[in-house]
Every structure is written in C-alpha cells, then in structure tokens.
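The values are calculated or read from the model by the stated rules, or taken from the named source; none is laboratory data. Please read all numbers here as calculations on a predicted model, not as lab measurements. Surface accessibility is based on the protein's heavy atoms, side chains included, excluding ligands, DNA and RNA. Shrake-Rupley method; radii C 1.70, N 1.55, O 1.52, S 1.80 Å.
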Amino acid sequence: MSGATINLLYFARVADLVGKRNEAWPLAEPTTGTQLLQALQAQYPDLAPAARLKLAINQNHAKATASIQPGDEVAIFEPVTGG
C-alpha cells in the first residue's frame, strides 16, 4: 500500500450506504478521525450524520479526535448496543 493512502474498511450498514466493503482513501498527511468522517460524508451523503460513526485505527477502537497517519487501516462502523 502506498504511504499516501489509508485502507478504509466499512462494516454492516455503513458498507451498504457506501456500496463497498473497503477502499484505498488518499491521505498525504495526518488527519483526525473527525476530519476523515467529514470527508466521507461529503463523498457519501447517505452517511449523514457521519459524526455518529465509530472508528478503529489499526484494529484499536479510537476516538474521533485520534490521529490517522498515511498507511493506517481504519475501520468505520455504526455504534452497537448490547444488553
């Protein structure tokens, strides 16, 4: 994988809304989860409001304020509830 991209993985309803399970996303410099979610919502308006979505960076749950580096793997999924 090029250092100028991140590997996005989409799960469940998010995958249905964007129409794919994964994609390489251009990322030339570090960004935050919030900025990534805003960019995804601009690209895929059906994700709105994207701020509700959760992230895992390199298989670790992450807050939206977390830094994402070129080359990272980022999973995007909806919040889940359990009982």
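Structural descriptor for the chain: relative contact order 40 percent, calculated from alpha carbon pairs under 8 angstrom and at least 6 residues apart. The fraction of accessible area contributed by carbon and sulfur in the chain is 52 percent, rounded to a whole number (1.4 Å probe; ligands and nucleic acids excluded).
Between residue 29 and residue 12, the contour length at 0.36 nm per residue exceeds the Cα-Cα span by 3.3 nm.
Relative to the longest principal Cα axis of the chain, at what angle does helix 33-43 sit, 0 to 90 degrees, rounded to 10? Orientation of helix 33-43: about 80 degrees from the principal axis. Per residue, the solvent-accessible area of the chain (1.4 Å probe, heavy atoms of protein chains only, all protein chains present) comes to 59 Å². For the residues 72, 16, a 1.4 Å probe over the protein chains yields an accessible-area ranking, largest first, of 16, 72.
A compact globular protein would have a Cα radius of gyration near 2.2 N^0.38 Å; the ratio found for the chain is 1.01.
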